[in-house]
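Comments concern the structure below.
The values are calculated or read from the model by the stated rules, or taken from the named source; none is laboratory data. Because the structure is predicted, anything quoted here is derived from the model rather than measured. As a convention, Cβ positions derive from the backbone with ideal geometry for all residues, glycine included, and neighbour counts pool all protein chains shown.
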Amino acid sequence: MPDDKAVRDALEKKGAFGTDIDIDRYEDGTSTPDQIDDLQSSDYQRYMENVGVVADEINRSGTLMFIDNGMSHCHTSVQEGLDMMSTKDALKKYDWLKDYFWKSMDPTKDKYTAKSYLDDADGYFIRVKAGYHVKNPVQTCMLINKDKSIQYLHNIIIVEDGASLEMITGCATAHHANDSLHVGVSEIYVGDNANLTFSMIHSWGKQTGVRPRTACTVGKNSNYTNNYVILNPVGTLQSFPVANLGENSSATYNTMCISHEGSDIDTGGMVNLNGRGSRAEIMSRSISMGGKLCARGRLVGNAPEVKAHLECRSIILKDGGSTLAVPELEAHVADVEMTHEAAVGKIARDQIEYLMSRGLDEDQAISMIVRGFLSGSINGLPPALQKELDEAIEQANLGD
Amino acid sequence: MTDMLKIIDLHAEAGEREILKGVNLTVKEGETAVLFGPNGSGKSTLMSTIMGYSTCKVTQGQILFKGEDITDLTVDQRAKKGIGMMMQRPPNIFGVKLGDLIKTASPIGEEVLKEADRFKMGNFLDREVNVGFSGGEIKRSELLQLTAQKPEFILLDEPESGVDLENIDLIGNKVHDLLYDGISCRGSVQRHVSSLVITHTGQILDYIGADCAYVMKNGRICCSGRPTDLLKEIKENGYGECGSCQTIKL
Ligand SMILES: Nc1ncnc2c1ncn2[C@@H]1O[C@H](COP(=O)(O)OP(=O)(O)O)[C@@H](O)[C@H]1O
Ligand SMILES: [Mg+2]
């Protein structure tokens, strides 16, 4: 464990990217929220469904919900191989968990991790035991319900050797909790010959600050996919998940985002290709509708025979914002194959007019192209997510 | 017969250069007009200008459609009035599936998609529009889209170019169906749809029976006449004499 003094000092440490947020401005969120048995009859249903979390829990292996800083619902239909509970309960139950606790993530990374560490943040613990394949996705929902509050979480996901899991995690703010801050530390461990697909859909308020901190350690011959979607207005959001890959493993990041007027979004991620023959692909499609946008990608080749590709594409639909693509490739051995592509611009006029010549009006034509552009970022999107995603794009008011 | 399309002294620029230099041309209701002309003479530019593409900027003149001035209308307004176009080189529309476009754009899209196999397009409905399509596939895709669109006036830009012999029949017959509003009897003389057709080879004429032809040179219509006569003349002597001979007049 790091020494507390170092972590306390880190409370002053700004994040590497993104505008600085004064975390003292927010009060703590409650750690004893309402307990919800039936999600379908809860007031929060519409917030959940906006971010891909289905209230009837059909075709889901389990659902875990946090409101502010406490767990409010945890239910699983899978009896064997899947463990779901709060991180605090898991720490009490499993002595070995301390070997995973703050091991992928350094709490002194910045003020947000330090805050989560020092305030002893709770979160979700999800584990798939060795050899088990959880068929339907597990869904989690993180909702901020208290205005002017900070939600801090510490999640741990463990997919053991030979196991597989698909997760859908939706994060949202209630309407009345617009001016709030979300800090979610997620430590992810994928063993050998294992698979994890982790899809995150966010829908925040116009003033909400969002600083997720995600680190993933992947063993040998495994696959880790990280999908990230944000289509609605947000205040300031900055996220830069890091994955460390073992031999012959692969990581795929797909990011899809829209930055509306007044939003400041800085996304992307980093993959350290540490094992021989490991592979990575970072794909991002983003749209500025008058907001600020930064798409980052960093690939680091540390072993021979690694192969990696990075692609950042942005469309500017409305003036007033800005777009920055920052693709970075770094190699420490000779035998690597790493490439990148970046493109920033507006939608080609001839494409819009081609669709208009078929009778679509300009707004319909633009939203059709934009929808196609965005969905092109996600390779092998879990089918469970496609519908939610289509709806979210529909609601994102592209043509206004 | 009333005028379907009437173009009066049309001047238009593309890429800051004047390409159309005073075009006058009329297509009457139910008529099929052919447009000949050497490469680079401005034929495609004329069609794009009629459709309203913003790459072509009208600097002078008028485009009348069924008597109404459409010179300043947007592309979709023109489409809704009944103008449709088969482009020579349509753009790739990444991420948009052909089937979805047809369903979205046309109220009869769903029904037309059931006929996709007749256009040999059944396997293309989940493909991105025009992306990686071969020459013939582009034409068949355009025809399928136009069939769903049901325009009253159709601009066909070299419908047979890049199409192999095997597919030329299919394309010719589909163009025929479009112009004769689905009446597949080749003996039918009752044409409902008017069109302007660009062709180099004249092959398409075997399928559609054109009424009149124009020759375009250097941004102007320099000659008009009977399609078969003009085609024969051009095939024998090229475009060199066009505009000066004044012998073949309708
Ligand atoms: N968007 C454009 N920008 C610049 N030049 C153009 C553009 N479109 C057409 N042109 C030019 O206009 C001329 C006529 O082109 P086009 O109409 O395609 O001829 P055609 O169809 O008769 O072969 C050519 O010289 C071509 O290069
Ligand atoms: Mg041409």
Exercise. Of the residues that make up the stretch A:40-57, is at least one among the aromatic types (Phe, Trp, Tyr), surrounded by 13 or more Cβ atoms within 10 Å (Cβ to Cβ) and farther than 22 Å from A:Thr214 by Cα?
Worked result: yes
For this session: Only residues in the stretch A:327-355 that are farther than 24 Å from A:Gly290 by Cβ and away from every other protein chain (no Cβ under 14 Å) count as the first member; pair them with residues that are of a type in the set (D, E, K, R) and part of a helix (DSSP H, G or I), Cβ under 6 angstrom, at least 6 apart or cross-chain, and list the lot.
Result: none
Problem set entry | Only listed residue being within 16 Å of ligand 2 (Cβ to nearest atom) and either within 25 Å of B:Asn130 (Cα to Cα) or in a helix (DSSP H, G or I) (or both), chosen from B:Pro107, B:Pro90 | B:Pro90
Exercise. So B:Val96 fits all but one of (1) away from ligand 2 (no atom under 16 Å from the Cβ); (2) modelled with pLDDT of 95 or more; what number is the exception?
Worked result: (2)
For this session: For residues that are under 18 Å from A:Gly297 (Cα atoms) and modelled with pLDDT of 95 or more, tally how many sit in the stretch A:254-266.
Result: 3
Exercise. In the stretch B:62-74, which residue that is in contact with a Leu (Cβ under 9 Å, 6 or more places away or on another chain) and among the aliphatic types (A, V, I, L, M) is nearest to the other protein chains (Cβ to nearest Cβ)?
Worked result: B:Ile70
Problem set entry | So B:His192, is it at pLDDT below 90, in a loop (DSSP other than H, G, I, E, B) and within 14 Å of ligand 1 (Cβ to nearest atom) | no
Seminar exercise, completed: Residue set B:Leu64, B:Leu20; condition within 16 Å of ligand 2 (Cβ to nearest atom) and among the aliphatic types (A, V, I, L, M); output residue B:Leu20
For this session: Return the residue satisfying two criteria in turn: it lies in the stretch A:283-293 and is farther than 10 Å from A:Cys257 by Cα and part of a strand (DSSP E or B), and of such residues it is farthest from the chain's Cα centre (by Cα).
Result: A:Gly290
Exercise. Does any residue of the stretch B:161-174 turn out to be over 27 Å from B:Val215 (Cα atoms) and among the small types (Gly, Ala, Ser)?
Worked result: no
Exercise. Residues in the stretch A:220-232: is at least one hydrophobic (A, V, I, L, M, F, W, C), crowded, with 23+ Cβ neighbours inside 10 Å and over 14 Å from the mean Cα position of the chain (by Cα)?
Worked result: no
For this session: Please give the helices (runs of 4 or more DSSP H) falling wholly within the stretch A:1-120 in which 2 or more residues are within 24 Å of A:Thr267 (Cα to Cα).
Result: A:45-50, A:111-118
Exercise. Which members of the stretch B:1-12 meet the condition of being away from ligand 2 (no atom under 16 Å from the Cβ) and in a strand (DSSP E or B)?
Worked result: B:Asp3, B:Met4, B:Leu5, B:Lys6, B:Ile7, B:Ile8, B:Asp9, B:Leu10, B:His11
Problem set entry | Flag if B:Gly99 is surrounded by 17 or more Cβ atoms within 10 Å (Cβ to Cβ) and over 20 Å from the mean Cα position of the chain (by Cα) | yes
Seminar exercise, completed: So, first residue more than 19 Å from B:Val175 (Cα to Cα) in the stretch B:21-45, second residue assigned to a helix (DSSP H, G or I) and of a type outside the set (A, V, I, L, M, F, W, C), Cβ within less than 8 Å, six or more apart or across chains; the pairs are B:Gly37/B:Lys43
Seminar exercise, completed: Considering the stretch B:49-60, residues that are in contact with a helix residue (DSSP H, G or I) (Cβ under 9 Å, 6 or more places away or on another chain) and under 12 Å from B:Met85 (Cα atoms), and then whichever is nearest to ligand 1 (Cβ to nearest atom), we arrive at B:Tyr53
Seminar exercise, completed: Across (1) under 20 Å from the mean Cα position of the chain (by Cα); (2) away from ligand 1 (no atom under 16 Å from the Cβ); (3) not in a loop (DSSP other than H, G, I, E, B), B:Leu155 clears everything bar (2)
For this session: Please specify each residue of the stretch A:42-65 satisfying the condition of being over 27 Å from A:Val234 (Cα atoms) and polar (S, T, N, Q).
Result: A:Asn59, A:Ser61
Exercise. Any idea how many residues of the stretch B:13-61 are in a strand (DSSP E or B), β-branched (Val, Ile, Thr) and either within 14 Å of chain A (Cβ to nearest Cβ) or surrounded by 15 or more Cβ atoms within 10 Å (Cβ to Cβ) (or both)?
Worked result: 7
Exercise. Does at least one position in the stretch B:123-138 carry a residue that is within 16 Å of ligand 2 (Cβ to nearest atom), surrounded by 19 or more Cβ atoms within 10 Å (Cβ to Cβ) and under 21 Å from A:Val370 (Cβ atoms)?
Worked result: no
For this session: Specify the residue that is surrounded by the fewest Cβ atoms within 10 Å (Cβ to Cβ); the eligible residues are those in the stretch B:83-94 that are farther than 12 Å from A:Leu355 by Cβ and at the interface with another protein chain (Cβ under 7 Å from one of its Cβ atoms).
Result: B:Phe94
For this session: Considering only the stretch A:175-196, state which residues are at pLDDT below 95 and within 19 Å of the chain's Cα centre (by Cα).
Result: A:Gly184
Exercise. Could you say whether any residue in the stretch B:141-149 is in a loop (DSSP other than H, G, I, E, B), crowded, with 22+ Cβ neighbours inside 10 Å and of a type in the set (A, V, I, L, M, F, W, C)?
Worked result: no
